[in-house]
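Student: Got a structure for you, written out below as structure tokens; questions coming shortly.
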Amino acid sequence: MKARQVLAFILGVFLMLGAAWAVFPAEGVRIGEKTLRFASYAGRQQAATKEKVDVDAVLDALENRFALHEDTLAFYKSFFFENPDRIYLPGDDYTFFDPLFRSFERARRSGKTVRVAHYGDSQIELDRISSNLREGLQVRFGGSGTGMFPALTTTPMASVSRSSSGGFVSYTMFGDSTTRRAGHRRYGPLAQVTGFSGDGTISLRAHRQKSTLDHVRHFQSVSILYGRASEKFTVTVRSDTLRPEPVTRTRDGVTWTTWTFPRPVEKATLKLSGSAEIYGVSTDGGAGVTVDNIPMRGSTGTILTGIDKPLMKAAYDLDGTALIILQFGGNFAPAATSSKAISGYMDKVRTQIGYFREVAPGAKILFIGPSDMGTVSYRRLPELVDSLRAVSLASGAAYWDLFRMMGGKNSMGEWVRHKPAYAGPDYIHFTPAGAQVVGETLARSLLTYYDFYDLRKTLPAAAVQQHMGR
């Protein structure tokens, strides 16, 4: 090829890239479940004119709002109806979480474990956000350990390492076309199921890195949730020389078996023989609260209704789940290009919340909307967030506004540029430092409602109702 032909080719490529830059939409182009992004003139103009968000000022104001915490009715009334960090409650009913808090207190007294199931997209992978919420609840109500996780998965966890050998096959209901799907709907509460046949082992070890939070550095019980087991299916557990006897609960073909050690341990091994569907393994602390981290990369949170209802009902009843958190919306944000598109997504979210209210009627539901995203906010992201809040409350679920907690419109870019960085260079995911801020704020907000619940025990109900105007 001659030099002028090479030059013409290069200039042609630049011309095409320039044309794409001029016409490509700032929010990207949605193709199926994927969004194609490219530098655009519109995005450059938005970036040049966007409003700046002072992250330190946002977080200082947040800290001040919590620092003013006083056990007075005036403080709580202001927090519940005016504070941007509050959890929005259906009908502004400040007693909404009372049954949840009673279950937390009973667990602490009785030696049982109450579970919080935290579903989300890739924003919560590696135990981000969940770990700080878990730590906050375990400091207040007791408990230890990481909670429930799949018996076999390629996604690492920040709190516990796992290795397995033998006849395990993992099936997942979310992910791309390379993900192995089951030929049935029995995925269980983790949206995954591990088929097992033959002989095998699962080895567990609590992490001990400097960054590992205190209450997951050890555990005192190991549990396994399984179903469709063969007649000769057996599981034994040991840690060093400790071999505790199992305690088994069974419902509708689903079995929850727990082994409790006489003292906290850092590692354990499960030895399995036979065949079964394994829906989850859990490391807990016995008395108190745990949080199950359930990340679903790429999901918009609208496929969970595809899990078998009887199985989910049985699993939630056996494992003691009292709070279900659904943290979704980020993967839909690029497709939220019109009010009609948002309305269609709301119909699906409403269906998901209704499903969880049916399979876990005794649990409370909390929806967490998406964070800000991109170098500049998606144009309809505020509308998406407000719609998610409205549909959650109308469906009987509480709502926490992560978008506005972090500063609202165009805040993600400032979280990325913050020192230390609170979000990564993809302008989507929080760094560990940013996830810590989010998780701790969520825990503090929830515990503020507990503090009010605790205060109301000492006050006449009529006086509280009169002051709160509810």
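Student: Work out, step by step, the length gained on full extension between T95 and T250: first 0.36 nm times the residue separation, then minus their alpha carbon distance; give nm to one decimal.
Tutor: The T95-T250 span can extend by a further 52.5 nm.
Student: Among the listed pairs K271/K309; K112/K348; K340/K409, which are separated by more than 32 Å between their Cα atoms?
Tutor: Beyond 32 Å between Cα atoms: K112/K348.
Student: Right, another one. Place the peptides 451-462, 302-313, 436-447 in order of packing, highest mean first, counting for every residue the other Cβ atoms within 10 Å and averaging per peptide.
Tutor: 436-447, 302-313, 451-462
Student: May I ask you to compute the full-extension gain from D347 to K112, defined as 0.36 nm times their residue separation minus their alpha-carbon distance, rounded to one decimal in nm?
Tutor: Answer, rounded to one decimal: 80.9 nm.
Student: Looking only at the chain, where both bridge partners belong to it, what percent of the DSSP beta bridges are antiparallel (to the nearest 5)?
Tutor: Within the chain, antiparallel bridges account for around 75 percent of the total.
Student: For a bin width of 10 Å, list the pair-distance distribution of region 292-352 built from all Cα-Cα distances, rounded to whole %.
Tutor: Whole-percent P(r) values from 0 Å outward: 18, 46, 26, 9, 0.
Student: Listing I129, I87 from the residue with the fewest other Cβ atoms within 10 Å to the one with the most, what is the order?
Tutor: Fewest to most other Cβ atoms nearby, the residues stand as I87, I129.
Student: Just the projected area, averaged over all directions, of the convex hull on the alpha carbon atoms of the chain: how many nm²?
Tutor: 26.8
Student: Using Cα pairs closer than 8 Å and at least 6 residues apart in sequence, work out the relative contact order for the chain, in percent.
Tutor: Once divided by the residue count of the chain, the mean separation gives 21 percent.
Student: Within the chain, which complete DSSP H helices have Cα atoms spanning at least 27 Å along the helix axis and a mean Kyte-Doolittle hydropathy of -0.5 or higher?
Tutor: For the chain, where a helix must reach 27 Å along its axis and average at least -0.5, the hits are 3-23, 339-359, 432-456.
Student: Per DSSP H run of at least 4 residues, take -39500 (n - 2.57); add these up for the chain, divide by its residues and hand me the 222 nm value, nearest 500 deg cm²/dmol.
Tutor: Computed ellipticity for the chain at 222 nm equals -11500 deg cm²/dmol.
Student: Same structure, new question: Please report, in debye to the nearest 20, how large the charge dipole of the chain is about its Cα centre when each Lys and Arg carries +1 at its beta carbon and each Asp and Glu carries -1 there.
Tutor: 960
Student: Sticking with this structure for a sec: Can you order the peptides 230-239, 402-411, 251-260 by their average number of other Cβ atoms within 10 Å per residue, highest first?
Tutor: My ranking of the peptides, most packed first, is 402-411, 251-260, 230-239.
Student: Using 0.36 nm per residue of separation minus the Cα-Cα distance, give me the extension gain between S338 and K309 in nm, one decimal.
Tutor: 7.2 nm
Student: Run the paramagnetic zone check for D199: 7 angstrom along Cα to Cβ, then residues of region 151-188 with backbone nitrogen under 20 Å.
Tutor: From region 151-188, the list is 163-169.
Student: How would you classify region 418-463 from its alpha-carbon gyration tensor, with a ≥ b ≥ c the square roots of the eigenvalues: rounded for a/c under 1.5, else prolate if a/b is greater than b/c, otherwise oblate?
Tutor: The shape class here is prolate.
Student: Just rank V289, V55, fewest to most, by other beta-carbon atoms within 10 angstrom.
Tutor: Ascending Cβ contact count within 10 Å gives the list V55, V289.
Student: If you don't mind, there's one more thing I want to ask. Which three extents, in angstrom, do the Cα atoms of region 185-338 have along their principal axes, listed largest first?
Tutor: That gives 61, 43, 27 Å along the principal axes, largest extent first.
Student: Still on this structure, I have one more. In nm, to one decimal, how far is the E82 label point from the K210 one, both placed 7 Å along Cα→Cβ?
Tutor: Between E82 and K210, the label points sit 4.3 nm apart.
Student: Something else now. Between E63 and M468, what FRET efficiency follows from the Cβ-Cβ distance if R0 is 30 Å, with the result rounded to 0.05?
Tutor: Computed FRET efficiency for E63 and M468 comes out at 0.75.
Student: Separate question: Would you list, by chain and number, the lysines whose Cα falls below 19 Å from the Cα of K210, excluding same-chain residues fewer than 8 positions away?
Tutor: K267
Student: So, counting K/R as plus one and D/E as minus one, what does the shell of residues with Cβ under 14 Å around S130 add up to?
Tutor: -3
Quick note: the coordinates plus some simple rules give every number you see, no bench work behind them. These figures come from a predicted structure and were not determined experimentally. Cβ atoms come from the backbone with ideal geometry, glycine included; neighbour counts cover every protein chain shown.
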